[in-house]
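Novice: First the structure, which I've put down as C-alpha coordinates, then a few questions once you've had a look.
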Amino acid sequence: MDWIGIVTVVLFVLLAVAGIAVIRTRNLFAAVMLAGIYSLVSAGLFVVMDAVDVAFTEAAVGAGISTVLLLGTLAIVGYKEAKPDHQPILPFFVVIVTGGILVYGTSDIPPFGEALNPAHQHEMVARYYLDKSYDDAHIPNVVTTVLGSYRGYDTMGETAVVFAAMVGVLLLLVKGPLPKRVHHHGRWIEVPPGTTRDEMVARLRAEADAEGGAPDREEDGDG
Amino acid sequence: MDDRVILKVGAKILIPFILLFALYVQFHGDYGPGGGFQAGVIFAAGIVLYALVFGLDRALRVMPFKVAYVCGALGVSIYLGVGFVAMAMGGEFLNYNALNADPAKGQHYGIIGIELGVLVTVFGVMLALFYAFAGRRRIDP
(Lines give C-alpha, C1' and ligand atoms only; values in the text may rest on other atoms or scores of the structure.)
Protein backbone atom coordinates (compact mmCIF):
# COMPACT_ATOMS: atom_id res chain seq x y z
CA MET A 1 0.00 0.00 0.00
CA ASP A 2 1.43 3.41 -0.93
CA TRP A 3 1.44 6.30 1.52
CA ILE A 4 -1.72 7.89 0.08
CA GLY A 5 -3.54 4.64 0.80
CA ILE A 6 -2.26 4.61 4.38
CA VAL A 7 -3.29 8.24 4.95
CA THR A 8 -6.74 7.50 3.50
CA VAL A 9 -7.26 4.53 5.80
CA VAL A 10 -6.10 6.50 8.87
CA LEU A 11 -8.42 9.38 8.01
CA PHE A 12 -11.38 7.06 7.47
CA VAL A 13 -10.74 5.37 10.83
CA LEU A 14 -10.61 8.79 12.52
CA LEU A 15 -13.84 9.71 10.72
CA ALA A 16 -15.57 6.58 12.00
CA VAL A 17 -14.28 7.14 15.55
CA ALA A 18 -15.49 10.75 15.56
CA GLY A 19 -18.87 9.73 14.12
CA ILE A 20 -19.46 7.01 16.71
CA ALA A 21 -18.30 9.31 19.53
CA VAL A 22 -20.80 11.99 18.44
CA ILE A 23 -23.60 9.42 18.71
CA ARG A 24 -22.45 8.00 22.04
CA THR A 25 -21.82 11.17 24.04
CA ARG A 26 -24.55 12.88 26.05
CA ASN A 27 -22.44 16.00 26.51
CA LEU A 28 -23.58 18.31 23.73
CA PHE A 29 -20.48 20.51 24.00
CA ALA A 30 -18.31 17.45 23.33
CA ALA A 31 -20.64 16.43 20.50
CA VAL A 32 -20.27 19.83 18.81
CA MET A 33 -16.49 19.73 19.13
CA LEU A 34 -16.40 16.16 17.75
CA ALA A 35 -18.58 17.24 14.84
CA GLY A 36 -16.03 19.96 14.13
CA ILE A 37 -13.25 17.35 14.20
CA TYR A 38 -15.35 15.17 11.88
CA SER A 39 -15.52 18.05 9.38
CA LEU A 40 -11.80 18.71 9.64
CA VAL A 41 -10.99 15.03 9.00
CA SER A 42 -13.37 15.05 6.01
CA ALA A 43 -11.49 18.10 4.73
CA GLY A 44 -8.28 16.10 5.01
CA LEU A 45 -9.87 13.29 3.01
CA PHE A 46 -10.91 15.74 0.28
CA VAL A 47 -7.31 16.96 0.08
CA VAL A 48 -6.12 13.37 -0.36
CA MET A 49 -8.67 13.02 -3.17
CA ASP A 50 -7.26 16.19 -4.83
CA ALA A 51 -10.48 18.13 -4.27
CA VAL A 52 -8.77 21.07 -2.56
CA ASP A 53 -11.57 23.55 -3.28
CA VAL A 54 -14.09 21.29 -1.56
CA ALA A 55 -11.67 20.68 1.32
CA PHE A 56 -11.25 24.42 1.74
CA THR A 57 -15.01 24.92 1.99
CA GLU A 58 -15.48 21.96 4.34
CA ALA A 59 -12.78 23.22 6.71
CA ALA A 60 -14.08 26.80 6.72
CA VAL A 61 -17.82 26.08 6.90
CA GLY A 62 -18.03 22.66 8.54
CA ALA A 63 -15.27 22.95 11.09
CA GLY A 64 -15.40 26.73 11.52
CA ILE A 65 -18.70 28.56 11.13
CA SER A 66 -21.04 25.60 11.83
CA THR A 67 -19.23 24.84 15.09
CA VAL A 68 -19.63 28.44 16.20
CA LEU A 69 -23.33 28.48 15.27
CA LEU A 70 -23.92 25.23 17.16
CA LEU A 71 -22.08 26.60 20.20
CA GLY A 72 -24.29 29.70 20.03
CA THR A 73 -27.32 27.40 20.06
CA LEU A 74 -25.95 25.43 23.01
CA ALA A 75 -25.56 28.65 24.97
CA ILE A 76 -29.37 28.95 24.74
CA VAL A 77 -30.53 25.34 25.11
CA GLY A 78 -27.94 24.00 27.58
CA TYR A 79 -25.09 21.52 27.35
CA LYS A 80 -26.73 18.27 28.50
CA GLU A 81 -28.79 15.95 26.34
CA ALA A 82 -31.70 14.32 28.20
CA LYS A 83 -31.67 10.55 28.31
CA PRO A 84 -34.24 9.18 25.84
CA ASP A 85 -37.09 7.26 27.49
CA HIS A 86 -37.08 4.47 24.91
CA GLN A 87 -34.56 2.38 23.00
CA PRO A 88 -34.32 3.76 19.44
CA ILE A 89 -34.52 0.31 17.80
CA LEU A 90 -36.55 1.35 14.75
CA PRO A 91 -34.37 4.37 13.79
CA PHE A 92 -31.30 2.16 14.23
CA PHE A 93 -32.82 -0.42 11.87
CA VAL A 94 -33.68 2.29 9.30
CA VAL A 95 -30.13 3.69 9.47
CA ILE A 96 -28.56 0.24 9.05
CA VAL A 97 -30.76 -0.56 6.02
CA THR A 98 -30.14 2.84 4.39
CA GLY A 99 -26.40 2.56 4.99
CA GLY A 100 -26.41 -0.95 3.57
CA ILE A 101 -28.16 0.23 0.40
CA LEU A 102 -25.67 3.09 -0.01
CA VAL A 103 -22.67 0.76 0.42
CA TYR A 104 -24.26 -1.66 -2.06
CA GLY A 105 -24.70 1.26 -4.47
CA THR A 106 -20.97 2.06 -4.39
CA SER A 107 -20.23 -1.33 -5.99
CA ASP A 108 -21.50 0.15 -9.29
CA ILE A 109 -19.32 3.27 -9.12
CA PRO A 110 -16.29 3.21 -11.42
CA PRO A 111 -12.89 3.06 -9.65
CA PHE A 112 -11.72 6.32 -8.07
CA GLY A 113 -9.45 8.51 -10.17
CA GLU A 114 -9.40 6.19 -13.21
CA ALA A 115 -8.64 8.16 -16.39
CA LEU A 116 -11.01 6.04 -18.46
CA ASN A 117 -14.05 6.71 -16.25
CA PRO A 118 -17.07 7.94 -18.24
CA ALA A 119 -17.08 11.29 -16.44
CA HIS A 120 -13.58 12.08 -17.75
CA GLN A 121 -14.31 10.93 -21.29
CA HIS A 122 -17.28 13.13 -22.15
CA GLU A 123 -16.30 14.99 -25.32
CA MET A 124 -18.24 18.23 -24.65
CA VAL A 125 -17.79 18.48 -20.87
CA ALA A 126 -14.66 17.24 -19.08
CA ARG A 127 -12.36 17.04 -22.10
CA TYR A 128 -13.57 20.36 -23.50
CA TYR A 129 -13.07 22.13 -20.16
CA LEU A 130 -9.56 20.77 -19.70
CA ASP A 131 -8.49 21.45 -23.30
CA LYS A 132 -10.11 24.80 -23.96
CA SER A 133 -10.71 26.64 -20.66
CA TYR A 134 -7.36 28.46 -20.78
CA ASP A 135 -7.97 29.68 -24.34
CA ASP A 136 -11.50 30.76 -23.46
CA ALA A 137 -10.78 32.79 -20.33
CA HIS A 138 -6.99 32.91 -19.72
CA ILE A 139 -7.50 31.58 -16.18
CA PRO A 140 -5.19 28.74 -15.15
CA ASN A 141 -7.54 27.31 -12.50
CA VAL A 142 -10.08 25.26 -14.46
CA VAL A 143 -12.34 25.01 -11.39
CA THR A 144 -12.78 28.78 -11.31
CA THR A 145 -13.65 28.94 -15.02
CA VAL A 146 -16.11 26.06 -14.74
CA LEU A 147 -17.86 27.53 -11.69
CA GLY A 148 -17.86 31.12 -12.85
CA SER A 149 -18.38 30.88 -16.58
CA TYR A 150 -19.35 27.49 -18.00
CA ARG A 151 -21.65 26.88 -15.04
CA GLY A 152 -22.45 30.53 -14.34
CA TYR A 153 -26.18 29.86 -14.00
CA ASP A 154 -25.49 27.13 -11.43
CA THR A 155 -23.35 29.41 -9.32
CA MET A 156 -25.94 32.18 -9.58
CA GLY A 157 -28.52 29.74 -8.24
CA GLU A 158 -26.22 28.72 -5.40
CA THR A 159 -25.62 32.33 -4.45
CA ALA A 160 -29.38 32.91 -4.45
CA VAL A 161 -29.84 29.81 -2.26
CA VAL A 162 -27.32 31.15 0.27
CA PHE A 163 -29.24 34.43 0.28
CA ALA A 164 -32.55 32.59 0.70
CA ALA A 165 -31.10 30.67 3.65
CA MET A 166 -30.29 33.97 5.32
CA VAL A 167 -33.80 35.30 4.71
CA GLY A 168 -35.27 32.15 6.23
CA VAL A 169 -33.09 32.23 9.34
CA LEU A 170 -33.66 35.93 9.90
CA LEU A 171 -37.43 35.48 9.57
CA LEU A 172 -37.36 32.66 12.11
CA LEU A 173 -34.87 34.02 14.64
CA VAL A 174 -34.76 37.79 14.45
CA LYS A 175 -38.13 39.20 13.41
CA GLY A 176 -40.19 36.12 14.05
CA PRO A 177 -42.91 35.77 16.68
CA LEU A 178 -41.82 35.75 20.30
CA PRO A 179 -41.76 32.46 22.19
CA LYS A 180 -44.77 31.67 24.37
CA ARG A 181 -42.88 32.70 27.47
CA VAL A 182 -39.70 34.62 28.13
CA HIS A 183 -37.17 34.45 30.90
CA HIS A 184 -36.82 37.76 32.71
CA HIS A 185 -34.87 38.48 35.87
CA GLY A 186 -35.03 34.90 37.09
CA ARG A 187 -38.69 34.17 36.38
CA TRP A 188 -40.72 33.02 33.39
CA ILE A 189 -43.36 35.40 32.03
CA GLU A 190 -46.20 34.38 29.71
CA VAL A 191 -46.29 36.31 26.43
CA PRO A 192 -49.80 36.89 25.03
CA PRO A 193 -49.97 35.79 21.38
CA GLY A 194 -49.51 38.62 18.90
CA THR A 195 -47.33 40.74 21.16
CA THR A 196 -44.41 42.31 19.34
CA ARG A 197 -40.93 42.38 20.77
CA ASP A 198 -41.05 46.14 21.29
CA GLU A 199 -44.37 45.91 23.18
CA MET A 200 -42.96 43.19 25.42
CA VAL A 201 -39.83 45.20 26.14
CA ALA A 202 -41.93 48.28 26.93
CA ARG A 203 -44.20 46.25 29.23
CA LEU A 204 -41.33 44.70 31.15
CA ARG A 205 -39.65 48.07 31.46
CA ALA A 206 -42.84 49.67 32.78
CA GLU A 207 -43.17 46.88 35.36
CA ALA A 208 -39.57 47.35 36.42
CA ASP A 209 -40.16 51.12 36.80
CA ALA A 210 -43.28 50.48 38.86
CA GLU A 211 -41.29 48.25 41.18
CA GLY A 212 -38.68 50.99 41.51
CA GLY A 213 -35.94 48.86 40.05
CA ALA A 214 -32.64 50.17 38.81
CA PRO A 215 -32.65 51.81 35.37
CA ASP A 216 -32.51 49.02 32.83
CA ARG A 217 -30.41 48.59 29.77
CA GLU A 218 -31.50 47.54 26.30
CA GLU A 219 -29.67 44.27 25.57
CA ASP A 220 -31.08 43.63 22.16
CA GLY A 221 -28.27 43.26 19.64
CA ASP A 222 -29.90 43.77 16.28
CA GLY A 223 -31.22 46.97 14.74
CA MET B 1 -7.62 43.30 35.48
CA ASP B 2 -8.73 41.52 32.37
CA ASP B 3 -8.35 37.76 32.80
CA ARG B 4 -8.15 36.89 29.10
CA VAL B 5 -5.14 38.90 28.01
CA ILE B 6 -3.45 36.17 26.00
CA LEU B 7 -6.68 35.36 24.15
CA LYS B 8 -7.36 39.01 23.33
CA VAL B 9 -3.82 39.85 22.25
CA GLY B 10 -3.63 36.63 20.24
CA ALA B 11 -6.92 37.41 18.48
CA LYS B 12 -5.79 40.98 17.77
CA ILE B 13 -2.67 39.65 16.09
CA LEU B 14 -4.54 36.95 14.14
CA ILE B 15 -7.59 38.86 12.86
CA PRO B 16 -5.78 41.15 10.36
CA PHE B 17 -4.05 38.13 8.86
CA ILE B 18 -7.34 36.23 8.62
CA LEU B 19 -8.94 39.12 6.75
CA LEU B 20 -5.89 39.48 4.51
CA PHE B 21 -5.90 35.73 3.83
CA ALA B 22 -9.55 35.99 2.80
CA LEU B 23 -8.62 38.61 0.21
CA TYR B 24 -5.73 36.41 -0.96
CA VAL B 25 -8.11 33.46 -1.39
CA GLN B 26 -10.46 35.73 -3.33
CA PHE B 27 -7.93 37.18 -5.74
CA HIS B 28 -5.75 34.11 -6.04
CA GLY B 29 -8.77 31.99 -6.97
CA ASP B 30 -7.79 32.35 -10.64
CA TYR B 31 -4.53 30.51 -10.01
CA GLY B 32 -5.04 28.25 -7.02
CA PRO B 33 -7.82 26.73 -4.96
CA GLY B 34 -10.36 29.13 -3.53
CA GLY B 35 -12.74 31.78 -4.75
CA GLY B 36 -15.60 33.94 -3.60
CA PHE B 37 -17.32 31.36 -1.43
CA GLN B 38 -14.28 30.38 0.61
CA ALA B 39 -13.08 33.96 0.86
CA GLY B 40 -16.47 35.12 2.11
CA VAL B 41 -16.54 32.46 4.80
CA ILE B 42 -13.00 33.26 5.94
CA PHE B 43 -13.69 37.01 6.04
CA ALA B 44 -16.83 36.37 8.11
CA ALA B 45 -14.83 34.04 10.36
CA GLY B 46 -12.47 36.91 11.14
CA ILE B 47 -15.38 39.05 12.37
CA VAL B 48 -16.87 36.05 14.22
CA LEU B 49 -13.56 35.54 16.04
CA TYR B 50 -13.63 39.20 17.04
CA ALA B 51 -17.17 38.78 18.37
CA LEU B 52 -16.24 35.63 20.32
CA VAL B 53 -13.25 37.25 22.00
CA PHE B 54 -14.38 40.85 22.48
CA GLY B 55 -18.13 40.36 22.78
CA LEU B 56 -21.08 40.71 20.44
CA ASP B 57 -21.72 44.37 21.28
CA ARG B 58 -18.28 45.50 20.17
CA ALA B 59 -18.46 43.33 17.04
CA LEU B 60 -21.79 44.95 16.18
CA ARG B 61 -20.12 48.35 16.40
CA VAL B 62 -17.38 47.22 14.00
CA MET B 63 -19.73 45.46 11.57
CA PRO B 64 -23.38 46.32 12.25
CA PHE B 65 -26.09 43.74 11.71
CA LYS B 66 -27.53 45.87 8.94
CA VAL B 67 -24.25 45.73 7.00
CA ALA B 68 -24.37 41.93 7.20
CA TYR B 69 -27.83 41.44 5.75
CA VAL B 70 -27.49 44.26 3.21
CA CYS B 71 -24.30 42.55 1.99
CA GLY B 72 -26.26 39.30 1.74
CA ALA B 73 -28.61 40.94 -0.75
CA LEU B 74 -26.01 43.16 -2.42
CA GLY B 75 -23.85 40.24 -3.56
CA VAL B 76 -26.71 38.55 -5.42
CA SER B 77 -27.44 41.91 -7.06
CA ILE B 78 -23.81 42.24 -8.17
CA TYR B 79 -23.96 38.75 -9.67
CA LEU B 80 -27.20 39.49 -11.53
CA GLY B 81 -25.81 42.91 -12.48
CA VAL B 82 -22.86 41.30 -14.29
CA GLY B 83 -25.37 39.18 -16.19
CA PHE B 84 -27.42 42.21 -17.20
CA VAL B 85 -24.35 44.24 -18.18
CA ALA B 86 -23.40 41.38 -20.50
CA MET B 87 -26.91 41.61 -21.98
CA ALA B 88 -26.65 45.38 -22.36
CA MET B 89 -23.37 44.97 -24.23
CA GLY B 90 -24.94 42.67 -26.76
CA GLY B 91 -24.42 39.18 -25.39
CA GLU B 92 -26.72 36.75 -23.66
CA PHE B 93 -27.38 36.88 -19.93
CA LEU B 94 -24.12 35.99 -18.12
CA ASN B 95 -22.24 35.61 -21.42
CA TYR B 96 -19.04 37.39 -20.42
CA ASN B 97 -17.60 37.27 -23.95
CA ALA B 98 -19.56 40.45 -24.62
CA LEU B 99 -17.89 42.40 -21.80
CA ASN B 100 -14.78 43.19 -23.85
CA ALA B 101 -13.67 43.26 -27.47
CA ASP B 102 -11.37 40.37 -26.60
CA PRO B 103 -13.69 37.52 -25.49
CA ALA B 104 -11.08 35.93 -23.21
CA LYS B 105 -10.59 39.26 -21.42
CA GLY B 106 -14.35 39.62 -21.16
CA GLN B 107 -14.51 36.19 -19.54
CA HIS B 108 -11.85 37.27 -17.06
CA TYR B 109 -13.74 40.46 -16.14
CA GLY B 110 -17.01 38.60 -15.82
CA ILE B 111 -15.55 35.94 -13.53
CA ILE B 112 -13.94 38.58 -11.31
CA GLY B 113 -17.30 40.36 -11.13
CA ILE B 114 -19.36 37.34 -10.18
CA GLU B 115 -16.72 36.13 -7.70
CA LEU B 116 -17.03 39.53 -6.03
CA GLY B 117 -20.80 39.01 -5.84
CA VAL B 118 -20.36 35.57 -4.30
CA LEU B 119 -17.83 36.96 -1.78
CA VAL B 120 -20.16 39.75 -0.66
CA THR B 121 -23.22 37.49 -0.35
CA VAL B 122 -21.44 34.69 1.51
CA PHE B 123 -19.71 37.11 3.86
CA GLY B 124 -22.97 38.90 4.64
CA VAL B 125 -25.01 35.72 5.05
CA MET B 126 -22.47 33.95 7.30
CA LEU B 127 -22.18 37.01 9.52
CA ALA B 128 -25.95 37.56 9.62
CA LEU B 129 -26.49 33.91 10.60
CA PHE B 130 -23.91 34.24 13.37
CA TYR B 131 -25.52 37.45 14.67
CA ALA B 132 -28.97 35.85 14.49
CA PHE B 133 -27.85 32.85 16.56
CA ALA B 134 -25.60 34.72 18.98
CA GLY B 135 -28.06 37.58 19.46
CA ARG B 136 -30.98 35.28 20.25
CA ARG B 137 -30.99 35.88 23.96
CA ARG B 138 -33.87 35.91 26.37
CA ILE B 139 -35.57 39.28 26.50
CA ASP B 140 -33.91 41.16 29.31
CA PRO B 141 -34.75 44.87 29.13
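Novice: At q = 0.28, 0.29, 0.31 Å⁻¹, what is the base-10 log of I(q)/I(0) for segment A:115-155 according to the Debye formula with one equal point scatterer per Cα and no solvent? Please give it to two decimals.
Specialist: With no solvent term, the Cα-only Debye profile gives -0.96, -0.99, -1.05.
Novice: List every residue whose amide H lies under 5 Å from the amide H of A:His184, counting only residues 5 or more places away in sequence or on a different chain, with H placed 1.01 Å from N in the peptide plane.
Specialist: Those lying under 5 Å, H to H, from A:His184 are A:Ile189.
Novice: Which value in deg cm²/dmol, rounded to the nearest 500, describes the helix-derived mean residue ellipticity at 222 nm for the protein assembly as shown, given -39,500 (n - 2.57) per DSSP H run of n ≥ 4 and division by the residue count?
Specialist: Dividing the helical sum by the residues of the protein assembly as shown leaves -22000 deg cm²/dmol.
Novice: In debye to the nearest 20, how big a dipole does segment B:1-87 give about its Cα centre with +1 on each Lys and Arg Cβ and -1 on each Asp and Glu Cβ?
Specialist: Roughly 200 debye for segment B:1-87.
Novice: May I ask for the net charge around A:Thr145, where only other residues with Cβ less than 15 Å from the Cβ of A:Thr145 are counted and Lys, Arg are +1 while Asp, Glu are -1?
Specialist: Charge balance near A:Thr145 sits at -3.
Novice: Let me ask something else about it. Lys/Arg Cβ at +1, Asp/Glu Cβ at -1, dipole of chain B taken about the Cα centre: which of B:Val62, B:Gln38, B:Ile111 is farthest positive-ward?
Specialist: Most positive-ward Cα: B:Val62.
Novice: Can you pull out the chymotrypsin sites (Phe, Trp or Tyr not before Pro) in segment A:1-100 that DSSP calls coil and that have at most 15 other Cβ atoms within 10 Å?
Specialist: A:Tyr79
Novice: Projecting each Cα onto the charge dipole of the protein assembly as shown (Lys/Arg +1, Asp/Glu -1 at the beta carbon, about the Cα centre), which of A:Ile76, A:Gly19, B:Leu129 comes out farthest on the positive side?
Specialist: Comparing the listed Cα positions along the dipole, A:Ile76 ranks first.
Novice: With each label point set 7 Å from Cα along the Cα-Cβ vector, what nm distance links A:His184 and B:Phe17?
Specialist: Going by the 7 Å Cα→Cβ label model, 4.8 nm.
Novice: Mind grabbing the interface size between B and A? I mean buried accessible area, both sides, 1.4 Å probe, in Å² to the nearest hundred.
Specialist: The summed interface area works out to 4700 Å².
Novice: Explain nothing, just the number: relative contact order of chain A, from Cα pairs under 8 Å at least 6 residues apart, as a whole percent.
Specialist: Result for chain A is 9 percent.
Novice: Exposed loop GluC sites (Glu not before Pro) only (DSSP loop, at most 12 other Cβ atoms within 10 Å): please give the longest stretch of chain A free of them, not including the sites.
Specialist: The reported range is A:124-210.
Novice: Evaluate the charge dipole of segment A:114-176 about its Cα centre and quote only its size in Debye, nearest 20, assuming +1 on the Cβ of each Lys and Arg and -1 on the Cβ of each Asp and Glu.
Specialist: 340 debye
Novice: Still on this structure, please answer the following. Just going by the charge dipole of segment A:27-145, with Lys and Arg at +1 and Asp and Glu at -1 on Cβ, which of A:Val94, A:Ser107, A:Val61 is farthest out on the positive end?
Specialist: Of the candidates, A:Val94 comes out farthest on the positive side.
Novice: Which residues make up the longest stretch of chain A that has no trypsin sites (Lys or Arg not before Pro) in a DSSP loop with at most 12 other Cβ atoms within 10 Å?
Specialist: Looking at chain A, A:27-174 is the longest stretch - no exposed trypsin sites (Lys or Arg not before Pro) with at most 12 other Cβ atoms within 10 Å.
Novice: Using 16 Å as the cut-off for backbone N distance, which residues of segment A:80-110 belong to the label zone defined by a point 7 Å from the Cα of A:Gln121 along Cα→Cβ?
Specialist: A:109-110, by backbone N distance to the label point.
Novice: If you don't mind, there's one more thing I want to ask. Could you calculate the FRET efficiency of A:Lys132 with A:Ala202 from 1/(1 + (r/R0)^6), where r is the beta carbon distance between them and R0 is 56 Å, rounded to 0.05?
Specialist: For R0 = 56 Å, the calculated efficiency reads 0.30.
Novice: What fraction, in whole percent, of alpha-carbon pairs in the protein assembly as shown exceed 28 Å separation?
Specialist: 58 percent
Novice: Let me ask something additional. Ignoring ligands, DNA and RNA, what accessible area per residue does chain A give at 1.4 Å, in Å²?
Specialist: 67 Å²
Novice: Further, regarding this structure: I need the chymotrypsin sites (Phe, Trp or Tyr not before Pro) found in segment B:70-127, filtered to DSSP loop residues with at most 15 other beta carbons within 10 Å of theirs.
Specialist: B:Phe93
Novice: Report the FRET efficiency, 1/(1 + (r/R0)^6), for A:Thr25 and A:Ile89, where r is their Cβ-Cβ distance and R0 is 25 Å, rounded to 0.05.
Specialist: Efficiency for this residue pair is about 0.80.
Novice: Give me the percent of the accessible area of the protein assembly as shown that comes from carbon and sulfur atoms, probe 1.4 Å, all protein chains in place.
Specialist: Within the protein assembly as shown, the accessible surface is 69 percent carbon and sulfur.
Novice: When the dipole is taken about the Cα centre of the protein assembly as shown, and only Lys, Arg (+1) and Asp, Glu (-1) are charged at their Cβ, what size is it in debye, to the nearest 20?
Specialist: The calculated dipole for the protein assembly as shown is roughly 1080 debye.
The values are calculated or read from the model by the stated rules, or taken from the named source; none is laboratory data. Keep in mind the model is a prediction, meaning the values are calculated, not measured. All Cβ positions, glycine included, derive from the backbone under ideal geometry; neighbour counts span all protein chains shown. Ligands, DNA and RNA are excluded from the accessible area calculation, which covers all protein heavy atoms including side chains. Shrake-Rupley method; radii C 1.70, N 1.55, O 1.52, S 1.80 Å.
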